[in-house]
1. Sorted by mean Cβ packing within 10 Å, highest first, what order do the peptides 226-237, 110-121 take?
2. Between Asn85 and Lys233, what is the label-point separation in nm under the 7 Å Cα-to-beta-carbon projection?
3. Please list, or write none, the aspartates and glutamates whose alpha carbon is within less than 16 Å of the alpha carbon of Lys233, excluding same-chain residues fewer than 8 places away.
4. Once the piece of chain linking Thr129 and Ala258 is laid out straight, how much longer is it, given 0.36 nm per residue of separation minus the C-alpha distance between them?
5. Taking the chain as the reference, fit the longest principal axis to its C-alpha atoms, fit the long axis of helix 226-261 to the helix C-alpha atoms, and give the angle between the two in degrees, 0 to 90, nearest 10.
6. Can you work out the FRET efficiency for the pair Glu249 and Lys142, with r the C-beta to C-beta distance and R0 = 45 Å, to the nearest 0.05?
7. Counting each DSSP H run of 4 or more residues in the chain as -39500 (n - 2.57), what helix-only mean residue ellipticity at 222 nm follows after dividing by all residues, to the nearest 500 deg cm²/dmol?
8. Take the alpha-carbon centre of region 133-158, take the same for region 1-25, and report the distance between them in whole Å.
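The numbers here are math on the coordinates, done by the rules we state, and not lab data. Source: prediction; values computed, not measured. Because the Cβ atoms are built from the backbone with ideal geometry, glycine has one as well, and the counts that use them run over all protein chains shown.
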Amino acid sequence: MSKIIDIRNKMPRHRTKKVTRRQLNAIRFWVLHHSLTTSGSPEAFANYHINTNDWSIMAYHYVIMRDGTIYWCADHDIQTPHVGNSNRHSLGVCMVGDFRTQIPTKEQYEAALWLFQVHLPSVLPQSATIQGHSEMPGYAWKVCPAISMTQFRRDVQGSPISISNPSQTTFKQGDRGQGVAELQQLLNTIGFDVGTADGIYGVLTTQAVRNAQRVLSITVDGIAGPQTVAAIKKEEERMRQQLEQMSRELEQMKQTVAALNKDNLPVSVWAEEHWREARVNGYFDGKRPQANITRQEVAIVVNRLRSNFLALISKNSKDIGTQAEDIRNLEEQLKKIEAIGK
Ligand SMILES: [Zn+2]
């Protein structure tokens with residue numbers, strides 16, 4: 001049995017904006033959201049919606065915490081801003097979590113079922129259609145609440161779907177519930193595609209388990225017992241660590257590239273002495289005093305020195321022959337000398 005904490009009178013309101021009220025029989029949809037945040041509270045959402053978004057009131061009538069606590073945050077006859085044009089005809093329920101990457105906790109999921117199954121029918125004059133946010137007109141683009149609404153509605157209707165009990169350690173084809181959804185999410189993460197983690201252990205999940213068992217060298221039977229689940233979790237952990245390592249390396253590469261772009265690489269140890277001498281002798285023009293330079297800039301200076309040197313030598317030997325011939329001659333000799341230096 002879930003418990004509801006009524007905080008309707010404690011919720012913050014907008015300083016000036018008034019809320020819009022409606023008849024209870026205007027409510028035709030009960031709309032489920034996720035918060036898109038990994039944590040949160042009615043107060044935090046209210047603060048964001050009212051102070052940042054400048055809305056008259058927090059978006060949801062109910063907020064369901066990760067531990068299964070349900071907060072009742074707004075009177076049903078208040079039109080809260082959660083589904084645009086459909087606000088007037090709907091009620092907003094938000095489960096805390098980012099279900100693109102998380103899944104509802106067992107307690108939370110069961111609390112949501114209880115809310116829709118038992119509580120709402122008992123306090124409202126008529127039943128309504130249960131919808132996910134993305135199923136409401138104009139919101140097909142929205143990834144909310146990012147759980148299977150087909151499954152959720154089926155679970156609310158109490159058809160023969162059992163919510164998996166937390167002590168269940170073996171999952172097989174035909175099983176349903178949060179435990180299965182968790183297993184499916186793990187399988188997807190480690191690259192054995194089961195499609196949407198909808199909590200239904202069907203053919204695809206069986207096939208994915210078989211593939212995982214084959215790769216992880218476990219008896220291939222398509223049944224996720226304790227050994228298989230442990231191996232899958234271990235594989236997920238290994239991949240997570242590998243990803244972290246890769247992202248650390250990527251970060252280092254990014255820093256190196258940034259350093260190159262900023263032209264501030266440290267002077268190489270082997271070049272330090274020459275670098276000092278080149279600066280002392282004024283070979284670097286002083287426009288960027290004490291600044292390190294790129295290899296391209298070094299190449300320009302070296303080539304300038306080289307041609308100055310050739311011209312100088314040729315001028316001194318002017319009386320021996322024509323200058324152009326001298327330079328060609330000297331250049332060839334210099335190339336030979338440079339070849340020895342390689
Ligand atoms: Zn939503």
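1. On the way: 226-237: 15.7, 110-121: 19.3.
Descending mean neighbour count gives 110-121, 226-237.
2. Rounded to a tenth, the inter-label distance reads 4.8 nm.
3. Glu182, Asp193
4. Values: separation 129, 0.36 × 129 = 46.44 nm, distance 5.43 nm.
Result for the pair: 41.0 nm of gain on full extension.
5. 40 degrees
6. Values: r = 35 Å, r/R0 = 0.79.
Efficiency at R0 = 45 Å is approximately 0.80.
7. -13000 deg cm²/dmol
8. Here the answer is 23 Å between Cα centres.
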